[in-house]
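For reference, the structure is listed below as structure tokens.
The values are calculated or read from the model by the stated rules, or taken from the named source; none is laboratory data. All values reported here derive from a predicted model rather than from experimental measurement. Reconstructed Cβ throughout: ideal geometry from the backbone, glycine too, with neighbour counts over all protein chains shown.
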């Protein structure tokens, strides 16, 4: 070892290998940095006290300061990428952000490994540098200041970095100091951010002299007066403060305000921050969780019970009196100690909380904020699920914290979502509604009962995934309607489960939907010979009174065929899947339970009143419309049979389709006369009504969670929601349909229908 280390009087005086290695600690080549860090960690884990004293002695200790300075630069670079993405969501920065995130998290894990080596004073040294170089001057001020400059970091990036630091760097003092700083006013950090960062003073933030005992901070020309702490009064609404343009009294209030009035990313970032604090169980004292209002009551009860059992106090009486003066005094005393430490070590002056503040009041604020979030309609379901996870973690509540008003707000939001769900029973995708709801129920239950939130903190760095509607599909597309239905289902399932949680009930593994009903004997499906499995291509079915329709069609006989062995009422029609090549079919609309289909069958020449199924298309979303100029023509929209959003391989991520987007087909059917066309239209409406009614019946027990939600009557018929189409220029009747929408058997279609759909009819 003497070749690498010089020792004099049991002290290391020279360590050339280590000194030369850390010279390349921040080399631009990643492999070199990795090698240096591996060597440094081996040195730190030697366990020799003289080596430990050497690495923390000046000037070698500068390596740790330089490490944190390098890390700060990476954070600022990441903020630049995130800011560019937020300004221009179409920019291709996803790969760069992911690479930056990986490097930042690798650095934090390396810092954590350095601390775990157990070298005395290294943990304190790193804590001080993280606070002085990054958290106090950059991250915490950014939670309040909206404007950003070349030095400051945006709120979204700050929330992510704070989550990473708390989650990866396991230092008790660091975690508690960050939590205590959340009770400081944002203005308490302005001086540090202006004077400590290379002497740079931002031009958009400065202090204006005001009368005695009053300070106003001007941000971008708007004066914002500092208000007293909201924590002393649970009746003050933080959203009202933001709306009036007044700054928050503490950073904790700013976090809660992001949830009540912020956009999707701000809400998700604030929820991730609170969830990370809640999960920092080992490093963060319970008193800090209690002060933040996110300590579950069951933990508070456990703590008081243990204190009572060991005879420290008469704490058993306090289990049901959380607002007692003794708890309040202990709470304020311990929190004041953390705030005083913040002032003594880092020069950040934080006012103590007002007398009378209790943990119960803080929990009330958090609960009120989360309930307000669940009442918002402009937040994505995925973000609401993160809020639901936090809500679930804080259960159970006392009546003083979660009262009847909160329960009523949840009920009102649930009823509104129920009405939206009922609209989907007469929408474009009712046949998939029950199955999607059952699937989302399992996913939501699994997410609510998980040990961590559904989304990782790094998700807040990226804009929400674009809908298929963005520059890909028209707004009237059935795919757009399907995505909307999935969002409605996600929110409905969350609110339903939260309602069960709030009532203290056990959450079932499956939603309480009704079982499928049997096919009625007098139904069109039963008469046609179909069973519960539905139609199959190439199978036979009964056509009814319009048999031998080829002869009727050709000779244009006005006499009705009296030889009727059934009442299926298949209607003869013509359709062209290729220009100039019309085909003759029997049209039939059929529903079985929650499913429905439009069938085109060819009559069997040797078997009277029977035909072979050639084409099957979904009934729901067909939007039948009789042409304005040709009353014998019926226009149909043919949607895909499945939703791409249910198949991740076909979903659209960040505005780019992974596969070719599915499009709706357009059919135009020509019937013998006006009456036949109206008969086909009535058949579609009748069968769709049966399909919709069955979907409602299946959901009825789920919708009436307490028997107090009325199921409204059916809404408009599908024909009333569709506008008429224009007449084609030629006399032939054509159709273009997506091959993903329809099943074909023994029917050869031209390749252009699948490659480049170009329907001759202009449809609304």
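Here are the numbers for this structure:
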quantity	calculated
So residue 631, is it modelled with pLDDT of 90 or more and surrounded by 15 or more Cβ atoms within 10 Å (Cβ to Cβ)	no
Every residue from the range 84-119 that is outside any helix (DSSP H, G or I) and farther than 17 Å from residue 41 by Cβ	88, 89, 90, 91, 92, 93
Candidates 36, 46, filtered to the one that is part of a helix (DSSP H, G or I) and either under 45 Å from the mean Cα position of the chain (by Cα) or surrounded by 15 or more Cβ atoms within 10 Å (Cβ to Cβ) (or both)	36
Test result for residue 491, touching a helix residue (DSSP H, G or I) at 6+ places or on another chain (Cβ under 6 Å) and farther than 21 Å from residue 387 by Cβ	no
Which listed residue, of 132, 152, 74, is under 25 Å from residue 335 (Cβ atoms) and touching a helix residue (DSSP H, G or I) at 6+ places or on another chain (Cβ under 8 Å)	132
The range 521-550: number of residues that are at pLDDT 85 or above, assigned to a loop (DSSP other than H, G, I, E, B) and buried (at least 18 other Cβ atoms within 10 Å of the Cβ)	3
Number of positions in the range 637-686 that are in a strand (DSSP E or B) and either out of contact with any strand residue (DSSP E or B) (no Cβ under 7 Å at 6 or more places or on another chain) or modelled with pLDDT under 80 (or both)	4
Helices (runs of 4 or more DSSP H) contained in the range 125-207 and holding at least 1 residues at pLDDT 70 or above and surrounded by fewer than 17 Cβ atoms within 10 Å (Cβ to Cβ)	155-168, 172-181
Qualifying residue in the range 408-418 (condition: within 30 Å of residue 664 (Cα to Cα), buried (at least 16 other Cβ atoms within 10 Å of the Cβ) and over 17 Å from the mean Cα position of the chain (by Cα))	yes
Count of residues meeting criterion [out of contact with any strand residue (DSSP E or B) (no Cβ under 8 Å at 6 or more places or on another chain) and closer than 18 Å to residue 586 by Cα] in the range 524-545	3
Long-range neighbours under 6 Å by Cβ, at least six apart or interchain, first residue without any contact (Cβ under 8 Å) to a residue 12 or more places away in the chain within the range 586-605, second buried (at least 24 other Cβ atoms within 10 Å of the Cβ)	none
